[in-house]
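Enquirer: Here it is, the structure in full.
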């Protein structure tokens with residue numbers, strides 16, 4: 001869920017709900033109704049809140065990954081040719097747009113380029129993640 005997007009869309013939905021509530025007598029008389037859903041402000045605000053929450057969860061799925069987005073790439077490392085393997089997460093920038101499961105080109109902060117498969121979209125507080133498949137040269141941090 002993208003909290004910034006959810007907050008913005010919540011404000012838009014609540015403003016729309018309040019406008020509909022304000023104009024409900026006009027709409028009801030035009031439709032020949034005495035009361036309708038538009039006549040109850042709290043129900044409209046509840047619908048706006050529900051719509052904003054659903055939109056917040058759907059936004060990363062609809063948007064996908066765009067060129068210029070920052071992702072976290074998982075890198076497995078061995079230390080001094082020992083059996084100890086650690087996994088680091090390194091920020092990279094997407095050079096292409098893509099969807100979950102697709103392979104995209106990326107660039108590391110030190111200028112090296114590579115490719116990886118998108119493993120997950122952005123969460124509430126976490127950026128999207130990527131599994132490296134190829135890098136140019138030997139990656140040294």
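Enquirer: Does residue 107 meet the test of being closer than 20 Å to residue 1 by Cβ and either in the same structural domain as residue 128 (by TED's automatic domain parsing) or surrounded by fewer than 12 Cβ atoms within 10 Å (Cβ to Cβ) (or both)?
Expert: Considered against the rule, which asks whether it is closer than 20 Å to residue 1 by Cβ and either in the same structural domain as residue 128 (by TED's automatic domain parsing) or surrounded by fewer than 12 Cβ atoms within 10 Å (Cβ to Cβ) (or both), residue 107 comes out as no.
Enquirer: Please give the number of the condition residue 96 fails out of (1) out of contact with any strand residue (DSSP E or B) (no Cβ under 8 Å at 6 or more places or on another chain); (2) touching a residue at least 12 places away in the same chain (Cβ under 8 Å); (3) in a loop (DSSP other than H, G, I, E, B).
Expert: (1)
Enquirer: Could you please let me know if residue 46 is in a helix (DSSP H, G or I), surrounded by 11 or more Cβ atoms within 10 Å (Cβ to Cβ) and in contact with a helix residue (DSSP H, G or I) (Cβ under 7 Å, 6 or more places away or on another chain)?
Expert: Answer is no for this residue.
Enquirer: Considering only the range 64-78, I want to know if a residue exists there that is more than 20 Å from residue 118 (Cα to Cα) and at pLDDT below 95.
Expert: yes
Enquirer: Can you tell me which residue in the range 23-43 is farthest from the chain's Cα centre (by Cα), limited to those that are more than 30 Å from residue 6 (Cβ to Cβ) and surrounded by 12 or more Cβ atoms within 10 Å (Cβ to Cβ)?
Expert: 33
The values are calculated or read from the model by the stated rules, or taken from the named source; none is laboratory data. This one's a predicted model, so the numbers in the text were calculated from it and none came from an experiment. Every residue, glycine among them, receives a Cβ derived from its backbone with ideal geometry; neighbour counts consider all protein chains shown.
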